[in-house]
1. Out of G356, L202, F266, whose Cα points farthest toward the positive end of the dipole of the chain (charges: +1 Lys, Arg; -1 Asp, Glu; placed on Cβ)?
2. Placing +1 at every Lys and Arg Cβ and -1 at every Asp and Glu Cβ, with all other atoms neutral, what dipole size does the range 93-144 have around its Cα centre, in debye to the nearest 20?
3. Which one of P116, S167, A239 is farthest out on the positive end of the charge dipole of the chain, using unit charges on Cβ (Lys, Arg +1; Asp, Glu -1) and the Cα centre as origin?
4. How large is ³J(HN,Hα) for each residue in the range 348-363, as worked out from phi by the Karplus curve 6.51 cos²θ - 1.76 cosθ + 1.60 (θ = phi - 60°), to whole Hz, x for Gly and Pro?
5. Under the rule of at least 5 residues apart or a separate chain, name every residue whose amide H is placed under 5 Å from the amide H of I141.
6. Starting from the range 193-232, pick out the GluC sites (Glu not before Pro) whose DSSP state is loop and whose Cβ has at most 12 other Cβ atoms within 10 Å.
7. For K83, go through the lysines and keep the ones whose alpha-carbon is under 19 Å away, minus same-chain ones fewer than eight residues off.
8. Counting only C-alpha contacts under 8 Å and six or more residues apart, can you give the relative contact order of the chain as a whole percent?
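Derivation of every value follows stated rules applied to the coordinates shown; laboratory data play no part. Every value quoted in this text rests on a predicted model; they were computed, and no experiment measured them. Here Cβ is always computed from backbone atoms with ideal geometry, including for glycine, and neighbour counts include all displayed protein chains.
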Amino acid sequence: MSDTSPAPEAPTIDEASIDAAIDAALAAIAAAPDTAALKRVRIEHVGDASVLTSAHRAIKDLPKEQKATAGKLVGQGKGRVQKALAARQEELAAAEEEAALAAETVDVTLPTDLRPRGATHPLTTLTDRINDFFVGIGWEIAEGPEIESSWLNFDALNADPEHPSRSLQDTLYVAPEGSGMLLRTQTSPVQIRAMIERGAPLYVACPGTVYRADEIDATHSPMFHQVEGLAIDKDLTMAHLVGTLDAFAAHLFGGAPITRLRPNHFPFTEPSAEMDFRCFRCEARLGLDHDADPDCRVCGGTGWIEMGGCGMVHPNVLRAAGVDPEQYQGFAFGLGIERLLMLRNGVADMRDMVEGDVRFSQHYGTEI
Ligand code: DAH
């Protein structure tokens with residue numbers, strides 16, 4: 001390394017090299033493919049270290065008589081280059097914006113996603129509606145397992161050991177034989193579970209899936225849904241039962257509700273009754289003071305629709321669940337949700353509910 005720096009070059013401005021620098025700059029500007037490349041061209045040809053800028057700086061050191069000519073030469077040259085840069089910048093920026101817009105174009109005529117949308121099953125919607133009613137009158141919702149002990153499904157509910165519903169023709173038992181377990185045939189065992197777990201007083205609605213050894217046809221299914229109601233308190237009577245059913249019928253069918261009870265027998269209630277609701281279609285068509293429409297598709301001309309069973313909870317059932325029948329009474333009722341959907345919404349065939357065709361569900365929308 002030499003310790004003496006080279007002598008500074010005598011300032012000269014050579015016209016040919018300025019022209020060459022201008023030509024090189026203009027050629028580079030024209031060739032720049034995009035704004036990023038143009039930025040590099042700007043630095044190289046008119047930046048601090050460029051030939052033109054260095055020449056510009058050198059003018060002040062030139063002999064006086066050369067300054068004007070050199071100033072004109074370099075100034076005009078730089079001006080041409082700046083102008084070319086600005087024009088090219090505008091051109092490239094416009095092209096880049098156009099390309100970006102083209103890339104973001106959405107073709108609104110392309111086919112949309114045509115996969116069918118799902119829909120809530122009408123049984124679910126109807127069950128939600130039922131639950132809403134009971135929650136609205138201050139009851140709780142209780143659920144139990146679908147695989148149930150036969151003690152809870154039958155014995156605790158006061159069913160005789162020989163009761164026909166226990167037979168293999170009616171009930172699906174869980175292997176091995178003698179396991180004492182079955183697929184619950186009714187939601188009534190949830191009554192017992194609720195009383196044992198929550199104690200009295202108690203107001204619960206118990207919706208759920210139940211199973212029977214049935215073949216599927218238009219009106220039967222081996223798997224269906226029920227909702228059970230149970231109220232346990234001091235001084236409850238059948239009048240409370242009827243009042244509750246009237247309000248429930250009004251929630252489901254609207255209009256002026258009339259509930260009719262007909263004597264029947266269930267092991268878990270005493271007295272027991274079959275509960276009918278006044279046919280909502282005849283009522284709407286003919287008014288309450290009139291007879292039923294003899295051709296009614298809903299009630300078949302009887303003016304009543306059979307909804308399920310009910311009664312006052314049998315003292316044996318209260319005792320089995322640890323509730324003192326001397327202190328507490330209660331009423332209970334149970335009904336099938338599929339049957340309710342068929343009557344209420346005119347579903348003619350139960351198989352439509354289990355086939356899983358989404359169009360069936362879509363037909364009902366989100367509110368039924
Ligand atoms: N568990 C009965 C059935 O499956 C329905 C029923 C009837 C439930 C009377 C009740 C009731 O709570 O009191 O057919």
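1. Of the listed residues, the answer is G356.
2. Result for the range 93-144 is approximately 480 debye, rounded to the nearest 20.
3. P116
4. Rounded to whole hertz, the list is 7, 9, 4, 4, 4, 6, 10, 6, x, 6, 4, 5, 4, 5, 4, 4.
5. Close amide H contacts, sequence-distant or interchain: A205.
6. Hits after loop and neighbour filter: E215.
7. Partners found: K39, K72.
8. 15
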